[in-house]
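This report concerns only the one structure given below.
Laboratory data are not the source of any read-out in this text; all were calculated from the coordinates shown. No experiment lies behind these values; they were computed from the predicted model shown. Positions of Cβ are generated from backbone atoms using ideal geometry, with glycine treated the same way; all protein chains shown enter the neighbour counts.
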Amino acid sequence: MDIKDRGTKKWTAMMLPEHVKMLKELKVDYELVIKPQLDEQGWEQINETLYIAIEYNLSIIFTLWIDGFLKKIEGAVHFIDEINKLVHVVDIRGDVHKIRFDVITEVEYKN
């Protein structure tokens, strides 16, 4: 057995399952994002972008805040349901997403 091998084994044994779990939880907590609060002007900009995208059949990139993480969805706006506060989006694979207004943080045209 080489001295270098012993060092590797020595430090590997120090990582108990509880340590690994705590490190994973710490990483998740570190990556969490506080939900951005949009003002009235921000909502007007999102609304305008959505209706222009519908009119000209443009692709949109949505940034969504879901449980502390930001997620992006790219697709075409199919329908805006203002009563139930949903946007129906068809992504590039053809899947339909019903996005609630309250999780939308940003909307931009795809270049």
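Worth a mention:
- Distance between the modelled labels on residue 95 and residue 24, one decimal in nanometres: 2.3 nm (7 Å Cα→Cβ projection).
- For 62, 101, 69, order by how many other beta-carbon atoms lie within 10 Å, fewest first: 69, 101, 62
- The 3J(HN,Hα) values that the Karplus relation (6.51, -1.76, 1.60; θ = phi - 60°) gives for segment 93-106 are, in residue order, 8, x, 6, 9, 10, 9, 9, 6, 4, 6, 9, 6, 10, 7 Hz. Gly and Pro appear as x.
- Here the contact order of segment 40-109, divided by its residue count and restricted to Cα pairs under 8 Å and six or more residues apart, works out to 31 percent.
- Remark: segment 50-111 carries a charge dipole of roughly 120 debye about the Cα centre, counting +1 on each Lys and Arg Cβ and -1 on each Asp and Glu Cβ.
- From the largest down, segment 40-109 spans 30, 28, 23 angstrom on the principal axes of its Cα atoms.
- Label-to-label distance for residue 83 and residue 108 is 3.5 nm, based on points extended 7 Å past Cα in the beta-carbon direction.
- Cleavage-rule hits (GluC sites (Glu not before Pro)) in segment 31-111: DSSP loop, at most 16 neighbouring Cβ within 10 angstrom: 82
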